[in-house]
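Each remark here refers to the structure printed beneath this line.
None of the figures in this text is laboratory data; all of them are computed from the coordinates on show. What you see is a predicted model, and the numbers here were worked out from it, not measured in a lab. FYI the Cβ positions are ideal-geometry reconstructions off the backbone, even for glycines, and counts take in every protein chain you see.
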């Protein structure tokens, strides 16, 4: 495990530690309930012949707060400001997914700092599932 | 089955399902695993005290939650094939508090004929029960030539 650096201090070119997780049917069911979306494509068979992972789960589990190296002190939080997301392939329930993040830009606007990250989500077979460009701002009790 | 067809017109508007962002759903989305000790995890999405300690006025449901609503709408409009090439560009504009109700919406901004088929650019947003937009942006989807939408 890499040494944890405060998330808002991770600079351009640096990466957060990758995160891996498996989407079991039970885990998936939890997210379908949260998203109020029980379409059969997620539960039994999609047109592909297997249940596909709900995109809300894939997006949520590729937020940088999932990284094992993500760290902020108490009283600070990352807030999602902007997003560009490209869906590359459907994810399959039962597979393990790997998420990587790289900081590609940092900037300030109206006194607030922003950090832009590129995230790539692939499955255990190396199939690219999702590519995101995530802009987060960091807030604290001080401002 | 996709809803968008080659005959869909620019300016045509679509709405998804009404979503109620209950506390239980926020916990399921952002609180970790129910079987874990300490569920739900305390964060700006789940815990008022935590959110206020970070200077937020209230809890803020995860943007990924309603980004998922928009993805669901796009899949309904373009079919499952949207998950292989669909794109969204979004800005989060307001806090969604547990208890809010959201509707994802889309309007056809333009459609363009391309070599591979018809490309649609949609304005997309989610609005709450007060008619306020909480996320706005664009989405891209296409209908390919010589293929039936799935």
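For the stretch B:17-89, give me every one of the helices (runs of 4 or more DSSP H) that falls completely inside it and has 2 or more residues that are buried (at least 22 other Cβ atoms within 10 Å of the Cβ) and within 9 Å of chain A (Cβ to nearest Cβ).
Working: elements: B:23-30, B:48-53, B:63-78.
The helices (runs of 4 or more DSSP H) meeting that bar are B:23-30, B:63-78.
Return the residue satisfying two criteria in turn: it lies in the stretch A:87-97 and is buried (at least 17 other Cβ atoms within 10 Å of the Cβ) and assigned to a strand (DSSP E or B), and of such residues it is farthest from the other protein chains (Cβ to nearest Cβ).
Here the residue is A:97.
Which residues, counting only those in the stretch A:32-60, are within 14 Å of residue B:71 (Cα to Cα) and touching a residue at least 24 places away in the same chain (Cβ under 8 Å)?
A:42, A:52, A:53, A:54, A:55, A:56, A:57, A:58, A:59, A:60
Are any of the residues in the stretch B:135-148 touching a helix residue (DSSP H, G or I) at 6+ places or on another chain (Cβ under 7 Å), under 25 Å from residue A:81 (Cβ atoms) and away from chain A (no Cβ under 11 Å)?
Scanning the stretch B:135-148, I find no residue that is touching a helix residue (DSSP H, G or I) at 6+ places or on another chain (Cβ under 7 Å), under 25 Å from residue A:81 (Cβ atoms) and away from chain A (no Cβ under 11 Å), so the answer is no.
Looking only at residues in the stretch A:114-127 that are farther than 15 Å from residue A:19 by Cα and surrounded by 13 or more Cβ atoms within 10 Å (Cβ to Cβ), which one is nearest to the chain's Cα centre (by Cα)? Break it down into steps so the answer makes sense when it comes.
Initially, the stretch A:114-127 is screened for residues farther than 15 Å from residue A:19 by Cα, giving A:114-116, A:125, A:127.
Next cut, surrounded by 13 or more Cβ atoms within 10 Å (Cβ to Cβ) only: A:114-116, A:127.
Values: A:114: 17, A:115: 14, A:116: 13, A:127: 16 Å.
Filtering first and then ranking leaves A:116.
Of everything in the stretch A:64-86, what is surrounded by fewer than 15 Cβ atoms within 10 Å (Cβ to Cβ) and touching a strand residue (DSSP E or B) at 6+ places or on another chain (Cβ under 6 Å)? Give them in sequence order.
Within the stretch A:64-86, the first condition is being surrounded by fewer than 15 Cβ atoms within 10 Å (Cβ to Cβ), and the residues that meet it are A:68, A:73-75.
Those that are surrounded by fewer than 15 Cβ atoms within 10 Å (Cβ to Cβ) and touching a strand residue (DSSP E or B) at 6+ places or on another chain (Cβ under 6 Å): A:68, A:75.
Of everything in the stretch B:100-121 that's over 15 Å from residue B:7 (Cα atoms) and part of a strand (DSSP E or B), which residue is farthest from the chain's Cα centre (by Cα)? Please lay out each step first, then the result.
Going through the stretch B:100-121, the residues over 15 Å from residue B:7 (Cα atoms) turn out to be B:100-106, B:114-116.
Remaining after also requiring part of a strand (DSSP E or B): B:101-106, B:114.
Values: B:101: 13, B:102: 10, B:103: 9, B:104: 6, B:105: 9, B:106: 10, B:114: 26 Å.
Within the stretch B:100-121, the match that is farthest from the chain's Cα centre (by Cα) is B:114.
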